[in-house]
Structure formats: C-alpha cells, structure tokens
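Step one of this worksheet: look at the structure below.
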Amino acid sequence: MLFTPSLLFLFPALDPAFPRLDVNQAIALGLMVEFVGYSSAATAYWRQRRVAFEVAGPVLMVTLPTAVLLSWMGSAIPDRWLLFSFGLILFGLAFVFLKFHRVQHPPHCPC
C-alpha cells in the first residue's frame with residue numbers, strides 16, 4: 001500500500017527522469033514489491049516452523065481469489081476512479097489505525 005503513493009507522487013517529484021506511471025501500473029508494481037518482501041518473510045517463518053497453517057490456509061483461500069478478482073476489476077476502472085478509491089482505502093486505514101491503536105507507554109518513555 002505504501003509503495004503506490006511513492007511511485008505515483010514522491011519519486012516523480014524527486015527525480016524528473018523517473019517514468020510517469022499509470023495508476024494501474026503503480027499499484028501492480030507496488031504489489032509485486034510487497035509480494036517479494038512478504039514471500040521472503042514467509043519463507044523465513046516457514047524455516048523457523050512458526051507458520052500457523054490452520055490460520056494461513058483459510059486466509060489464503062479468501063485473499064488469493066479476491067486479489068485476482070480485484071486486479072481484473074482494477075483494469076476495467078478508469079484511472080481517476082481507481083485513484084479515488086485507493087485514496088478512500090488509505091484514509092479508512094488511517095482512521096482504523098488512529099482509532100484502535102492504543103499503546104500504553106511506560107511513564108519514563110519520552111515518546
């Protein structure tokens with residue numbers, strides 16, 4: 001999720017030679033980068049025998065078909081609406097994180 005705004009806005013602003021990507025291209029590239037990172041982490045956890053297959057199996061049964069369906073739908077949606085819906089998802093996630101992330105810091109913590 002965080003790579004897409006960087007690919008769309010940050011990198012082109014920092015380097016004018018950076019290619020301008022369509023929204024679909026930026027989302028696809030961001031998902032590929034995240035897939036490689038998560039695959040690396042999953043492989044490390046698998047080697048450590050820390051994968052809960054009773055949880056991972058049902059999650060994969062839902063996420064894989066959903067990812068295929070949404071990627072197909074994303075190719076049919078105009079870039080403007082895709083960017084708008086992506087922004088809504090990011091704002092929704094920000095709201096959830098701010099609302100439900102309550103960390104109790106120790107009294108001596110400077111944070």
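The table below lists the values:
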| read-out | value |
| --- | --- |
| Residue in region 34-48 that is assigned to a loop (DSSP other than H, G, I, E, B), more than 27 Å from Gly74 (Cα to Cα) and small (Gly, Ala, Ser) present | no |
| Selected residue [surrounded by 10 or more Cβ atoms within 10 Å (Cβ to Cβ) and touching a residue at least 24 places away in the same chain (Cβ under 8 Å)] from Ala28, Ala42 | Ala28 |
| Where a residue in region 3-22 is of a type in the set (A, V, I, L, M) and its partner, wherever it lies, is assigned to a loop (DSSP other than H, G, I, E, B) and surrounded by 12 or more Cβ atoms within 10 Å (Cβ to Cβ), with Cβ under 6 Å and at least six apart | Leu7/Leu21 |
| Answer residue from region 9-25, given it is part of a helix (DSSP H, G or I) and loosely packed, with under 12 Cβ neighbours inside 10 Å and is modelled with the lowest pLDDT among those | Phe9 |
| Close pairs from region 68-86: first within 14 Å of Gln25 (Cβ to Cβ), partner charged (D, E, K, R), Cβ under 8 Å, at least 6 apart | Asp79/Asp22 |
| Filter result for the condition that a residue is in a helix (DSSP H, G or I), over 20 Å from Pro5 (Cβ atoms) and either under 14 Å from the mean Cα position of the chain (by Cα) or not β-branched (Val, Ile, Thr) (or both), over Leu98, Leu69, Leu90 | Leu69 |
| Flag if Ser6 is under 26 Å from Ala76 (Cα atoms), modelled with pLDDT of 85 or more, under 15 Å from the mean Cα position of the chain (by Cα) and hydroxyl-bearing (Ser, Thr, Tyr) | yes |
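The values are calculated or read from the model by the stated rules, or taken from the named source; none is laboratory data. Keep in mind the model is a prediction, meaning the values are calculated, not measured. Cβ: placed from backbone, ideal geometry, glycine included. Neighbour counts: every protein chain shown.
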